[in-house]
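Sharing a structure, written as C-alpha cells. Questions coming.
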C-alpha cells in the first residue's frame, strides 16, 4: 500500500505499545477482594461490563460498582488501576522505535478502553509520556469502539488532526480497516519489527 505524507501517528495500545495479561489482572483483583480467580473473571468478562465500559455505555462509577457487587468487595479506581498496571508491560522494542522518531512528530494513543485507562497508559509507557502529551482519547470517552469509523473521526476531532495525514497502527486488521474507512492511513502491526517496517515505509524512521 502506497502511503501519503504522514504528519501524525495514532497508536493502538494493547499488543502494539504494551503486552497485557488478563490473568494477572484478575489474580490481582482476586487477591484484593479475597475471593477466587473464577469469580473475578466472571464478574469482569462473563457479564459484559468491560465491553460496555469501553464503548462508553456506562459511567466509571457504575462500571466499578458492577464487579464489586458481583464479588462482594469494593473495587475503587485505585485498586482497578493497580491491577491493570500490574498486568501491563510496555514493549521495549516498540518504545525504542518510537523514541527514535522525530521529536516534532505528534503521537497519540487510541485503544478500546474506558476513561480510567487515560491515567494508566502514560504511566505504563512512561518513556513516551512526554511525547504523548496527554493525547489518549479512549474509546469509552468517545462513545463507541473501534472499528467503528466514527470513533476515529471523534478522536481526530479532539486531537485537532486531519485523517488524510494521520497514520494509525493496530494489531487487529478489523480496526485497521475501520480506520481506512474513516479516511486515515492505516496498517497492521503485530510486533516491534513490523512496526519498524511500517514506520520506515512511511519515511518516519
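We did not get these values from a lab; they are worked out from the coordinates using the rules stated. Values in this document were obtained by computation on a predicted structure and should not be read as measured data. Heads up, the Cβs are rebuilt from the backbone with ideal geometry, glycines too, and the neighbour counts pull from every protein chain shown.
How do 190, 28 rank when sorted from fewest to most other Cβ atoms within 10 Å of their own Cβ?
Values: 190 14, 28 19.
So the ranking, lowest neighbour count to highest, is 190, 28.
Against the globular-protein guess of 2.2 N^0.38 Å, express the Cα radius of gyration of the chain as a ratio, rounded to two decimals. Don't skip to the answer; put the middle values down first.
Working: Rg = 17.2 Å, N = 205, 2.2 N^0.38 = 16.6 Å.
Compactness ratio reported: 1.04.
Taking the chain as the reference, fit the longest principal axis to its C-alpha atoms, fit the long axis of helix 60-71 to the helix C-alpha atoms, and give the angle between the two in degrees, 0 to 90, nearest 10.
Long axis of 60-71 versus the principal axis of the chain: about 40 degrees.
Run the quick spin-label model on residue 157 and residue 123: label points 7 Å from Cα toward the beta carbon, then report their separation in nm to one decimal.
My value for the distance between the label points is 3.1 nm.
Still on this structure, I have one more. What FRET efficiency do you get for residue 191 and residue 86 if R0 is 30 Å and r is their Cβ-Cβ distance, rounded to the nearest 0.05?
On the way: r = 23 Å, r/R0 = 0.76.
For residue 191 and residue 86, the calculated efficiency is 0.85.
In addition: Please give the length that would be gained between residue 22 and residue 101 if that part of the chain were fully extended, namely 0.36 nm times their separation in residues minus their C-alpha to C-alpha distance (nm, one decimal).
On the way: separation 79, 0.36 × 79 = 28.44 nm, distance 3.07 nm.
Length gained between residue 22 and residue 101: 25.4 nm.
Under 10 Å, Cα contacts only: if you run a Gaussian network model on the chain, which one of 147, 92, 137 comes out with the highest mean-square fluctuation?
92
Tell me the angle of helix 22-33 to the major Cα principal axis of the chain, expressed in degrees between 0 and 90 and rounded to the nearest ten.
Helix 22-33 sits at roughly 30 degrees to that axis.
While we're on this one: Put one equal scatterer on each alpha carbon of the range 22-86, apply the Debye formula with no solvent term, and list log10 I(q)/I(0) at q = 0.16, 0.18, 0.27 1/Å to two decimals.
Values, matching the q order: -0.43, -0.56, -1.32.
Moving on to the next point. So how do 162-174, 8-20 stack up, highest first, on mean other-Cβ count within 10 Å?
Numbers: 162-174: 18.8, 8-20: 21.2.
Listed from highest to lowest mean packing, they are 8-20, 162-174.
Hey, in the GNM for the chain with a 10 angstrom Cα cutoff, which one of 55, 108, 27 fluctuates hardest?
Fluctuation is largest for 27.
At R0 = 22 Å, how high is the FRET efficiency between residue 59 and residue 173 if r is their beta carbon distance? Nearest 0.05 is fine. Display every interim value, and only then the final one.
Values: r = 32 Å, r/R0 = 1.43.
About 0.10, to the nearest 0.05.
Work out how far the C-alpha atoms of the range 81-127 reach from end to end along every principal axis, then list the three figures in whole Å, largest first.
Cα spread of the range 81-127 along its principal axes, largest to smallest: 33, 19, 15 Å.
With the contact rule set at Cα under 8 Å and sequence spacing of 6 or more, what percent relative contact order holds for the chain?
Details: 355 pairs, mean separation 58.9, N = 205.
The normalised contact order for the chain reaches 29 percent.
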